[in-house]
Amino acid sequence: YHLRPMADYANACVAFERALVIAERIFDSDHPNVAMGVNNLGLVLQDLGELPAARAAFERALAIAERAFGPNHPDVALIFGNLGLVLKDLGDLPAARVACERALTIDSQAFGSDHPTVAKDVNNLGLVLLDLGDLPAARAAFERALAIAECTFGPDHPAVATMVNNLGLVQKDLGNLIAARAAFERAL
């Protein structure tokens, strides 16, 4: 496995922008397809490190999706989750927490509390809580996400490894070095 060259991201960005122009011509600017196109553009901008532009894309996508689907639709939750992570990367941790909690609330209502999408939301919230320094809450979030992922995917899935690694990070920050080592070794 290797990272795609940055030129691939730049080319993807150009492609998404062209597709978005076409979608806006075919549909109107408030169509759900446009929301998902803007969301996808935001993901590429985030990968390019253009975080303010990514934030603007996610906020635009969110506004369109909320109008199209209503405030409690899983597509709205998806965009809230993406917005939460870019806000985290921008250092706006209180807003990131609100966005991640909103994604979690929507998905919990839509799918139930033990769905893999909920595990992803809880994991993302844990990352924000970790950056906020709320270590007990972050640990609880990672433990909950891990439990859901293990039940869904089994103990050896890559998603489980990611959540075990995150649990190791918070254990390290809590000073639980033996638990952190065990988590990192399991993730590896």
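The values are calculated or read from the model by the stated rules, or taken from the named source; none is laboratory data. Worth saying up front: this structure is predicted, and the values here are computed from it rather than measured. Here Cβ is always computed from backbone atoms with ideal geometry, including for glycine, and neighbour counts include all displayed protein chains. Keep in mind that these areas ignore ligands, DNA and RNA; they rest on the heavy atoms of the full protein, side chains included. Shrake-Rupley method; radii C 1.70, N 1.55, O 1.52, S 1.80 Å.
With the structure loaded, tell me whether Ala145 is touching a Leu at 6+ places or on another chain (Cβ under 6 Å) and either part of a helix (DSSP H, G or I) or touching a residue at least 60 places away in the same chain (Cβ under 8 Å) (or both) or whether it fails that test. The answer is no for Ala145. Can we say Ala77 is under 23 Å from Leu51 (Cα atoms), open to solvent by less than 10 Å² (accessible area, probe 1.4 Å) and at pLDDT 95 or above? Considered against the rule, which asks whether it is under 23 Å from Leu51 (Cα atoms), open to solvent by less than 10 Å² (accessible area, probe 1.4 Å) and at pLDDT 95 or above, Ala77 comes out as yes.
On the given criteria, is Arg186 touching a helix residue (DSSP H, G or I) at 6+ places or on another chain (Cβ under 6 Å), surrounded by fewer than 17 Cβ atoms within 10 Å (Cβ to Cβ) and over 26 Å from Leu41 (Cβ atoms)?
Spelling it out, Arg186 is indeed touching a helix residue (DSSP H, G or I) at 6+ places or on another chain (Cβ under 6 Å), surrounded by fewer than 17 Cβ atoms within 10 Å (Cβ to Cβ) and over 26 Å from Leu41 (Cβ atoms).
Only one entry in Asn72, Asn40, Asn82 is in contact (Cβ under 8 Å) with a residue 24 or more places away in the chain and part of a loop (DSSP other than H, G, I, E, B), namely Asn72.
Within segment 16-35, the presence of a residue that is within 27 Å of Thr162 (Cβ to Cβ), modelled with pLDDT of 95 or more, in a helix (DSSP H, G or I) and open to solvent by 60 Å² or more (accessible area, probe 1.4 Å) is excluded.
Determine whether segment 36-59 contains at least one residue that is surrounded by 22 or more Cβ atoms within 10 Å (Cβ to Cβ) and in contact with a Lys or Arg (Cβ under 7 Å, 6 or more places away or on another chain). Yes, that holds for at least one residue. With respect to the stated conditions, Asp92 fails to be at pLDDT below 95 and closer than 27 Å to Asp107 by Cβ. For Gly112, the conditions (1) open to solvent by less than 40 Å² (accessible area, probe 1.4 Å); (2) in contact (Cβ under 8 Å) with a residue 24 or more places away in the chain; (3) over 18 Å from Asn166 (Cβ atoms) are fulfilled apart from (2).
Okay, residues lined up against (1) within 18 Å of the chain's Cα centre (by Cα); (2) under 30 Å from Asn33 (Cα atoms); (3) surrounded by 23 or more Cβ atoms within 10 Å (Cβ to Cβ):
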| position | (1), (2), (3) |
| --- | --- |
| Leu83 | yes, yes, yes |
| Val98 | yes, yes, no |
| Ala103 | yes, yes, yes |
| Lys120 | yes, yes, no |
| Leu132 | yes, no, no |
| Leu167 | yes, no, yes |
| Ala179 | no, no, no |
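Please verify whether Asp107 is acidic (Asp, Glu) and open to solvent by 30 Å² or more (accessible area, probe 1.4 Å), treating the condition exactly as stated. The answer is no for Asp107.
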